[in-house]
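A.B. asks: Okay, here's the structure, questions in a sec.
The values are calculated or read from the model by the stated rules, or taken from the named source; none is laboratory data. Just so it is clear, the structure is predicted and the values come from calculations on it, not from any experiment. Ideal geometry is used to build each Cβ from the backbone, glycine not excepted, and the neighbour counts take in all protein chains shown.
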Amino acid sequence: MAIDKAKKEKVAEKFKHHEKDTGSSEVQIALLSTRIEELTAHLKSHRKDHSSRYGLIKMVNARRSLLDYIKGKDEKRYQKIIKELNLRR
């Protein structure tokens, strides 16, 4: 259920601030969103996979924390990433 390297690089390319940026909040949120989407699709067909559901909840909470951090630092960046990832808020 991990993201393959090519997909991870493609997502990071879209949200990074500079050439070697792999750990900024925006990149982390985008990668978490990608993993959440994949895990949600997995759970639709494997309803009783409770350990994966627990991991999904942890990822959603981590993404929420990062979004709250960005919102406190810069409202424009927050609105931009919410819009680009089509997140509800």
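A.B. asks: Among residues belonging to the range 1-26 that are polar (S, T, N, Q) and part of a loop (DSSP other than H, G, I, E, B), point out the one that is nearest to GLU84 (Cα to Cα).
C.D. replies: The residue in question is SER24.
A.B. asks: Still on this structure, I have one more. Are any of the residues in the range 26-34 in contact (Cβ under 8 Å) with a residue 40 or more places away in the chain and surrounded by fewer than 17 Cβ atoms within 10 Å (Cβ to Cβ)?
C.D. replies: No, the range 26-34 contains no residue that is in contact (Cβ under 8 Å) with a residue 40 or more places away in the chain and surrounded by fewer than 17 Cβ atoms within 10 Å (Cβ to Cβ).
A.B. asks: Hey, among ASP74, ASP68, which residue is loosely packed, with under 14 Cβ neighbours inside 10 Å and either touching an Asp or Glu at 6+ places or on another chain (Cβ under 6 Å) or within 13 Å of ILE29 (Cα to Cα) (or both)?
C.D. replies: Among ASP74, ASP68, only ASP68 is loosely packed, with under 14 Cβ neighbours inside 10 Å and either touching an Asp or Glu at 6+ places or on another chain (Cβ under 6 Å) or within 13 Å of ILE29 (Cα to Cα) (or both).
A.B. asks: Still on this structure: Of all residues being small (Gly, Ala, Ser) and surrounded by 13 or more Cβ atoms within 10 Å (Cβ to Cβ) in the range 35-61, which is nearest to LYS80 (Cα to Cα)? Just the residue, please.
C.D. replies: GLY55
A.B. asks: Then there is this: Return the residues of the range 15-25 that are closer than 12 Å to ARG77 by Cβ and surrounded by fewer than 13 Cβ atoms within 10 Å (Cβ to Cβ); say none if nothing qualifies.
C.D. replies: Matches in the range 15-25: HIS17 only.
A.B. asks: When you go through ILE29, ILE70, ILE57, ILE81 one by one, which is the residue that is in contact with a Leu (Cβ under 7 Å, 6 or more places away or on another chain), assigned to a helix (DSSP H, G or I) and modelled with pLDDT of 90 or more? Quick ask: steps written out before the conclusion?
C.D. replies: Details: ILE70 fails: in contact with a Leu (Cβ under 7 Å, 6 or more places away or on another chain); ILE57 fails: in contact with a Leu (Cβ under 7 Å, 6 or more places away or on another chain); ILE81 fails: in contact with a Leu (Cβ under 7 Å, 6 or more places away or on another chain).
When all the criteria are applied, what remains is ILE29.
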